[in-house]
Amino acid sequence: MINMFAYNIPFASIFLMMIAAIITPLIPNRNRLPEKLSCLMIATVGILSAYLLYSLTNSGQSLNFNFSMGHFPAPWGNELRAGPLEAVLSLVFCTAMLLSLTGNLSSTAEDIAPKRRNIFCVLVNLLTASLLALTYTNDLFTAYVFIEINTIAACSIVAVKESPETVRAALRYLIMSLVGSGLVMIAICLLYDLTGHLLMQNMHNAIQVLVATKSYMMPLTVSLALITAGLAIKSALYPFASWLPDAHGSSTNASSAILSGLVLKGHIFTIIKIFYRVFGLDVIHLLRMDTVIFILGLTAMIMGSVHALRQKNVKRMIAWSSVAQVGYIFLGVGLNTTAGIAAACLHIIVHACVKPMLFTAAGGLSNAAGHKKGLHALMGTFYVNKWAGLGLIAGAFSMMGIPGFAGFASKLSLTLASFDHATVVWALSALAASSVLNALYYVPAVIVVLTHNKDAQKNFTAHAPTLSYKISMFVFLALNFYLGLFCVPLLRLITRGVNVL
Amino acid sequence: MNEELRRIWKSFFDWVMGNGPRPENEVIPPEPPPDLPFTRKPKDKYSRFHEATLKERYNQWLEIHGLHLFSVLYAGLSVLTCIVIVSLLLATVAELPPFGHERNPANNEVIRRYVEHGGHETGAQNIVAGLILDYRAFDTFGESAVLFTAAVSVLMLLGASRRNRAESELQPHTYEIGRNFLQRGPPSLGHHVFRRDDTILHSVANLSIPVILMMGCVVVINGHLSPGGGFSGGAILSTALILAANAYGFERVHEFFNERTFIISSSTALMIYALSKGYSFFTGANHIHSIIPKGTIGNILSGGLILPLNLCVGLIVAGTLYGFYALFSEGDM
Amino acid sequence: MMIGDEFLTLAPVLFPIIAGFALFSRPIFEDRHIYVGVMTFITSIITFFAAFMTGGELITLWRVTDSLSIAFRMDYPARAFSCLVAFIWPLVTIYAFEYLRRRPPIDRFYAFFLSTFGILIGVACAANLLTLYLFYELMTFMTLPLVMHEQKRESIRATISYLLYSLTGAALALGGFFFFQVYGVSMEFTPGGVLDMARISEHHNEGMLLTVTFFTLLGFGAKAGLVPLHAWLPTAHPQAPTPASAVLSGLITKAGVIAMFRVVYYVVGDDFLRGTWVQTTLICMALLTIFTGSMMAYVEKHLKKRIAWSSVSQVSYVVFAMMLLTPDGIRGAVLQIAAHAMAKSCLFLSAGVVIYFTLQGANYHYADQLRGVGKELPITMTCFALASVSLIGLPVTGGFTAKWYMAAGALGLGNLGIFGIIILMVSALLTAGYLLPIVTDAFFPGENYDYSSVVPFKLPMNMLLPLLLLGAGAVCTGLFAGSILDFVSTKIIPVLL
Amino acid sequence: MLEKLLLNHYEAAAVILSGIGLTNLLLQRNLIKKIIGLNIMDTAVYLFLAAKGYVEGRAAPILIADGSGGWLRSSALYVNPVPAGLVLTGIVVSVSVTAFALALTLKLYESYGTLNIDEALMKMTQEQEELEARIDDAEEEVLSS
């Protein structure tokens, strides 16, 4: 049995982040106190999650537990649920969030007016809290509420950098997200009407009964389709991803890193939970949603990269590449097997570590080039900010799937998972095509960064990267290689986590 | 025959590629200098005489008709999407459990416990209040947090920035796009003009504000006994503040309720909410007996934490709604 | 022994990579040439040591999962190829010192050039498909900066097309890798193949696996310039600075062949392929490439492009010989690899001298401008002639012996073999047709040539030496073909067939 | 089907209402109207939930005194309280996002002087092109020097 301290960690982590968010407006906005508080809290929660993970894996056979919020047991009160997968994800989310914040401290200071900085911290804390809640929650309606917090906070941290471009991007993001939330809400209402429950486990049981008796199949299908569509809009699955490049490409670097690396993942993990815990893989297969997701994933992998190829702005390019990477994750989900979902989760983790690194690196490079974001303006910036250059190169290699880098690990597990599936040839060809396309836009970027150019270098603002930047970049690089070289224990852990999900 | 075909094809090909007859005095541009890698190719400054190629013609056509075509297409597609979704949903609704039937799946053991034991388990006469503030309090906590998030975001967008546009501390590189408009200054927003001599408004406000405040307090305090509660009561309270602002001017309201007070009051209220609910979540999950008494159903001092929570929520909602109004109409609090 | 096998196997791979990237950090030596030269020679010596002294054990650098690891093994094919690389690379490096003196940025060039050396050895002695794939990809990325050294728009365009083709090939190979991972008993290269035949026949997957093998070979064939994926080669090789083109054509195309060789003999197994449509199709494609390459070289006027097209044709000889799946075929393939590597490097370096020498004045980029160059650059053009003779396959040279064995191997193949021999003959004629006129024009410019304008040019020693050695090497592969054949017959063939 | 629709007429109305809202959201180019569409959609959800909570012949879920100091607790007396809670949450969420969306719209209006999202986009592209032209000029200077 797990010890009492670890037992309270899921609740404590959400709560700590919430309290941090609430208290931040009250503390004085100077000496970077709000930022320090946020970083401290996120680090604390990260350590707590690590401890939770440690005690879960060492607790014998009971890998997961439920935590009832209040004095009333499951179907009456709210509930949290923690297992190895949730613990790993919250650890990764906290780490990536912390590194995105610390790595971009200087660009945050340049982009965001001092008066807004404590509000930025409030929003970051709220985002973290909502991500943690989405990870741990066992209740569909709680998930909806925290999805809303997530949406508003995410749109705000796009708009926190004051420029008309970001306002427009945030507005577009908000409207798309709200359509998504509307669909999710309708679907939850339908499901509640059909099952009479809001708790995932009870819903699952009720749905099994419904499917066994073949009653209410049509509403069930529609509600599944609606909830998937709603969350797919929020997680930028390809045909619904038009908002993403604007939002991620125009906001400040820390926001882009957080949004691309983490916010999308929260919604994707919610989809995984709904598929796995609410409906069950058999029902998903019966209702044909796996095929739809699979095809959309394939399309996203190709089209995201094709769009990325046409970008001239480095941040927009990386943002479109996120669309492609989300496609990989959905491919894993669409395989509809435990191995596929484990591979998808591994890719969530990999992408959550690599994409913030890429955004941080791109931010560093464009800072070095005098705040220009065009690809051609970055020529030779490697020699000004070598840490950022290294980050870009490692990130690019990882996205291309070169062995030894993080991306290869998840690509390998995705492929091996797809061998159990009838459509292995499609999956393999899409993976191959997408890798080639990835390389076609990342390699030129790397080459440009490495190209000497005397004329352009005159305009560079040659300030060395700050210590916090170097440290975060170092940790990012270390994480990248760790995931690339030691992914097996992690994958095993994730598979165990998925099995008890 | 074959020759003829080839000739036609040749002329068609030339037409498409723009290789038409050239004038005598054509100037062939010199070779451009070698470019740096990956730079954008500068636009061709030497215009070469030729017929417009197919691609150029397509682009021209698109420039003239594109937007219109796009909007028509977009509108058609959206209407189609909506029709599909609505018909799908209608079909779904027809299949749903019948309206108002007591044996619907939703009327299950969960509801039975809420109704049958809700009274003594939460101490609240109003089952909905007991449900949202005790059984499913985590959702409601999240809900208050949504409100808080929105308030903070709106404050960020409209509060500090509009006041301080002139002394913007941002560096010029922050926005490459849209700078022109910012430099030109925003178009006039038609700010609300306050008239001090509106006797009717003054008298009505004098008369009704105490009543509204009283009403709001009653709704908040009786939240666990009767319909209402923090959210609705808070909304009523905020109307009193809005009326006061309209009647006496925002300055008068700002004397006792400004941005600082707003932030402090909502943060504190939310903090009290969080801590008290945190206490009950913690004790509940760890099977520790809570020391908070439930009271007798129907009394004003009953329902455990529901009354203080309603007060907190009322404070947050009242402040936030007034804040929205003030920010939108004046750009200030 | 004082130095362990681990060190000797890993050092030639890792040492040049580290040494190369050290060039990026800070000036270690003020004179980059000395640093690069010393490092290259050290690597060469280590490589020779590794080739002759190690026992050929499996050296695992990193274990990724239970079945996947980064591992190296100095087996006999790896030794042979490493020795070839270690012989040619320092020569080209010396040549580059002079050639690149006025073509900056040399730091970047040498950094990647040195790293490519290590990676090429890595490709040769990779012990499993993952390592091979990793080094194959790295080779693509490391050679990109070499191709786009001049940073002109054309070279960038050539680089991008090189990247596109190589990556498409690598992606195909990666697909194959996944299949072999699932259907193989282990991933380690084993003579005779690693496929789990029981499992394949149980699932009736022979057809699919043959298709997969075909696409994998096609993918690796992209580097070797095999027909559907060959188009990058004649654009990319001429764009690179001459030393880079020399190794690209001479050695890096061979890396693609090595990869194909590993797949055919060590992963899939020759028994699985013998007599199948895969073998037939690949032979046909190789023949098609041989013919197309020669033909295109014949009509091409640009000198470096002509040599590059010739590479397309000549490397496919190796593919053809290898796909015969007979001992004679392997003998021919090995000989052709050695002979062509020497001859092609020599050709490119000579062409580079012509371009270098006439850089100030007229642009001698085209084959028909070379009239009388032999009078000004006698030694260079002699080396050019020697290399040409080897490529054409006149007796005594390495090319002749190689083609002899190829023909002998092809005879066993029936009608297709006869057809192959005919193509080989035609191609040899075409080769003579596009190389010999250059030589004759250079030495015998005709009657109306103005002999008074001839100013014999004294070639710097560090350009002359590589030329002479490589020209001699091209001939010597023929003269000492016997010892090479002995090595192949005793060490490689018994293991494989 | 029609009979069933008539039986579930509240839900049907809610669905049609949400369709109207969605159409407004997608079709309107004016941001304020878009946000109104969004609110109509939300309202439709509340109507739907309210209809789902209703049970024929039962009272609101406020405990009724039984006259002898106790409370009537039979579950057959009261309607389902859960949808009421959900609607409450929905309203709060809707208020929040509406306020936030309006604030963003106001900012957009300040920047571009229009509430039409297409016009804003057009102005933005115009500026983008100007910017790119500036970059091109700068590049040409670099090249020509």
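For this structure, a couple of remarks:
- Other-chain or far-sequence residues with amide H under 5 Å of C:GLY184's (modelled H): C:ASP196
- Nearest-0.05 FRET efficiency for A:THR299 and D:GLU132, computed from C-beta distance (R0 30 Å): 0.50
- Euclidean distance of C-alpha centroids, segment B:292-328 and segment C:403-479, integer Å: 95 Å
- Viscosity 0.692 mPa s, temperature 37 °C, Stokes-Einstein D of segment A:4-499 from Kirkwood C-alpha radius, µm²/s: 146 µm²/s
- Sequence-ordered 3J(HN,Hα) estimates for segment C:416-428 from the Karplus curve with 6.51, -1.76 and 1.60 and θ = phi - 60° stand at 4, x, 4, 4, x, 5, 4, 4, 4, 4, 4, 5, 4 Hz, glycine and proline given as x.
- Charges were assigned to the Cβ only: +1 to each Lys and Arg, -1 to each Asp and Glu. The resulting dipole of segment A:4-499 about its Cα centre is roughly 1140 debye.
- Segment A:1-41: trypsin sites (Lys or Arg not before Pro) falling in loop per DSSP and having at most 10 other Cβ within 10 Å: A:ARG30
- Near the amide H of A:GLY70, within less than 5 Å, lie the amide hydrogens of B:GLY284, B:ALA285, all on another chain or at least 5 residues away, with H placed in the peptide plane.
- Chain C - charge dipole about Cα centre, Lys and Arg +1 at Cβ, Asp and Glu -1, debye rounded to 20: 900 debye
- Over the protein assembly as shown: helical MRE at 222 nm, DSSP H runs n ≥ 4 each giving -39500 (n - 2.57), nearest 500: -23500 deg cm²/dmol
- Cα-Cα over 25 Å, subset of A:LYS265/D:LYS34; A:LYS234/D:LYS52; C:LYS301/C:LYS375; C:LYS152/C:LYS223; A:LYS312/D:LYS34; B:LYS55/C:LYS152: A:LYS265/D:LYS34; A:LYS234/D:LYS52; A:LYS312/D:LYS34; B:LYS55/C:LYS152
- One Cα centroid belongs to segment B:210-231, the other to segment C:50-103; the line between them spans 83 Å.
- Label point at B:SER329 placed 7 Å out along Cα→Cβ; residues across segment B:209-243 whose backbone nitrogen lies under 16 Å: B:209, B:236-243
- Two-decimal log10 I(q)/I(0) for segment A:295-419, as the Debye equation yields it once each C-alpha is a single scatterer, q = 0.10, 0.16, 0.21 Å⁻¹: -0.32, -0.75, -1.12
- Of B:VAL204, B:VAL211, A:VAL158, the sequence from fewest to most neighbouring Cβ atoms within 10 angstrom is B:VAL211, B:VAL204, A:VAL158.
- Proximity of backbone amide H atoms, modeled 1.01 Å from N, is registered between D:TYR78 and D:ALA59 at under 5 Å, excluding neighbours fewer than 5 places apart on the same chain.
- For peptide D:121-127, the mean count of partner chain Cβ atoms within 10 Å of a residue's Cβ comes to 4.
- Projected label distance in nm at B:THR296 and D:TRP71, using a 7 Å step from Cα toward the beta-carbon: 1.4 nm
- Fewest-first ordering of C:CYS383, B:CYS217, C:CYS83 by other beta carbons within 10 Å of each residue's beta carbon gives B:CYS217, C:CYS83, C:CYS383.
- Peptide A:398-406, shielding by other chains (average Cβ, 10 Å cutoff): 4
- Using equal-weight Cα scatterers in the Debye expression, the normalised intensity of segment C:1-107 in log10 at q = 0.17, 0.18, 0.19, 0.24 Å⁻¹ is -0.87, -0.94, -1.00, -1.27.
- Cα principal axis extents for segment A:1-124, largest first, Å: 50, 29, 19
- Ranked by how many other beta carbons lie within 10 Å on average, peptides B:65-72, C:423-430, D:102-109, C:234-241 from highest: C:234-241, D:102-109, C:423-430, B:65-72
- For chain C, the longest principal axis of the Cα atoms and the long axis of helix C:303-323 meet at an angle of about 30 degrees.
- Residue order, fewest to most beta carbons within 10 Å, for B:ARG112, B:ARG7: B:ARG7, B:ARG112
- Dipole axis of chain A (+1 Lys, Arg; -1 Asp, Glu on Cβ), positive-most option in A:ASN313, A:PHE359, A:ALA129: A:ASN313
- With all pairs of different C-alpha atoms in the average, the Kirkwood value for the hydrodynamic radius of segment C:196-281 is 14.3 Å.
- Local net charge near D:GLY85, Cβ-Cβ under 10 Å (Lys/Arg +1, Asp/Glu -1): -1
- Cα-only Debye scattering, chain C: base-10 log of I(q)/I(0) at q = 0.08, 0.11 Å⁻¹: -0.45, -0.86
- For the segment C:161-168, counting C-beta atoms of other chains within 10 Å of every residue's C-beta and taking the mean gives 4.
- Local electrostatic count at C:LEU91 - Lys and Arg +1, Asp and Glu -1, tallied over other residues with Cβ under 15 Å: 0
- Förster radius 51 Å - calculated FRET efficiency between A:MET218 and B:CYS217 (Cβ-Cβ, nearest 0.05): 0.55
- Cα-based helix-to-principal-axis angle, A:386-400 vs chain A, degrees rounded to 10: 40 degrees
- The charge dipole of the protein assembly as shown, taken about its Cα centre with unit charges on the Cβ atoms of Lys, Arg (+1), Asp and Glu (-1) only, comes to about 1140 debye.
- Remark: relative contact order (chain A) = 15 percent; criterion is Cα-Cα distance under 8 angstrom and separation of 6 or more residues.
- Listed residue (A:VAL45, A:ALA427, A:THR108) projecting farthest to the positive dipole end of segment A:4-499, Cβ model: A:THR108
- Degrees, to the nearest 10: D:82-112 long Cα axis against longest axis of chain D: 20 degrees
- Neighbour net charge for C:PRO494 - beta-carbon separation under 15 angstrom, K R +1, D E -1: -2
- Cα lying deepest toward the dipole's positive end in chain A, options A:SER215, A:LEU296, A:GLY280, charges on Cβ: A:LEU296
- Phi-based couplings in Hz for segment A:200-216 (Karplus 6.51, -1.76, 1.60; Gly and Pro marked x): 4, 4, 5, 4, 4, 4, 5, 5, 4, 4, 4, 5, 5, 8, 6, 9, 6
- Rh (Kirkwood; distinct C-alpha pairs) - the protein assembly as shown, Å: 35.6 Å
- Prolate/oblate/rounded label for segment B:223-297 (Cα gyration tensor, a/c 1.5): oblate
Since every read-out is calculated from the coordinates, none of them should be taken as a lab result. The model shown is predicted, which means the values in this text are computed figures rather than measured ones. Cβ coordinates were reconstructed from backbone atoms using ideal geometry, including for glycine residues, and neighbour counts include every protein chain displayed.
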